[in-house]
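Asks: Let me give you the structure first, and then I'll get to my questions.
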């Protein structure tokens, strides 16, 4: 087994971010064949496979994870050399996945502020509501709902948010305002598609409204909000999103108030990167600063 070529390690790092040779080739301004050939050369030098095919593209093997960790150190060293100082810079691309609401209301503003301090930093947000990945191929960070069960990764709670029951003023004028959970159950629900919901914590609130029939369902929480505003039914919505709209009224806050946790997941080697560490710090600060909105307290104080 020979020493791996540092350039091949950097190619693997790029492939790991997207899970696709074609995407990596475009980013590196190489052709697909060259990327494939360099990965094969890297595997030969390491004496094993660094990638394995999966339904969504290529995923890292155990050896691949170790190789990417080495590649990240190479990349950081190269950036530091280019900067001409010994301090590791906050630069490069950080890719994370997070739920739609968190991405829009917390992550995006936080990263806009962060980039004013570190203009060489780029952040890519993959908006998705799903369980934490067991491989995290192509991702530096994940923000998920509910405490994740992961291996080869660290997970910690960022904060909590509240789910509440909402309806539009026009809907209530036409159909009446429910005064109890029993009365609310006679209406139709706007929420996630039950058969496609991957997050157990988001399925838990349904126990509060077990007999409510679905009216309009979607995998996207912004659709829930707009459908509720349009009078499609009563929506089970994050308070920090629904409270932005004065045409929505919260119903039965004492009975329907489900607190759910936001958790951040990352590999230990990713957390050691200056750019990733800066992003994590920005997310921690932004989540804490937004706590009153997340828990539905901001509208009550207004």
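The values are calculated or read from the model by the stated rules, or taken from the named source; none is laboratory data. If you're wondering where the values come from, they're calculated on a predicted model, not measured in any experiment. No Cβ is skipped: glycine too gets one built from the backbone with ideal geometry, and neighbour counts run over all protein chains shown.
Asks: Does residue 219 fit the bill of being under 20 Å from residue 102 (Cβ atoms), part of a loop (DSSP other than H, G, I, E, B) and out of contact with any strand residue (DSSP E or B) (no Cβ under 9 Å at 6 or more places or on another chain)?
Replies: Yes: the conditions hold for residue 219.
Asks: Counting only residues that are under 20 Å from residue 127 (Cβ atoms) and within 19 Å of the chain's Cα centre (by Cα), give me the strands (runs of 3 or more DSSP E) lying completely in the stretch 223-279 with at least 3 of them.
Replies: The strands (runs of 3 or more DSSP E) meeting that bar are 258-266.
Asks: Now a separate question. May I ask you to verify whether residue 149 is on the phi < 0 side of the Ramachandran plot and loosely packed, with under 13 Cβ neighbours inside 10 Å?
Replies: Answer is yes for this residue.
Asks: Right, next: Inside the stretch 141-205, counting only helices (runs of 4 or more DSSP H) that do not spill past its ends, which hold 3 or more residues that are under 32 Å from the mean Cα position of the chain (by Cα)?
Replies: Ranges flagged: 200-203.
Asks: Next question, about the same structure. Are any residues in the stretch 82-111 part of a loop (DSSP other than H, G, I, E, B) and modelled with pLDDT of 90 or more, and if so, which ones?
Replies: Passing the criteria: only 99.
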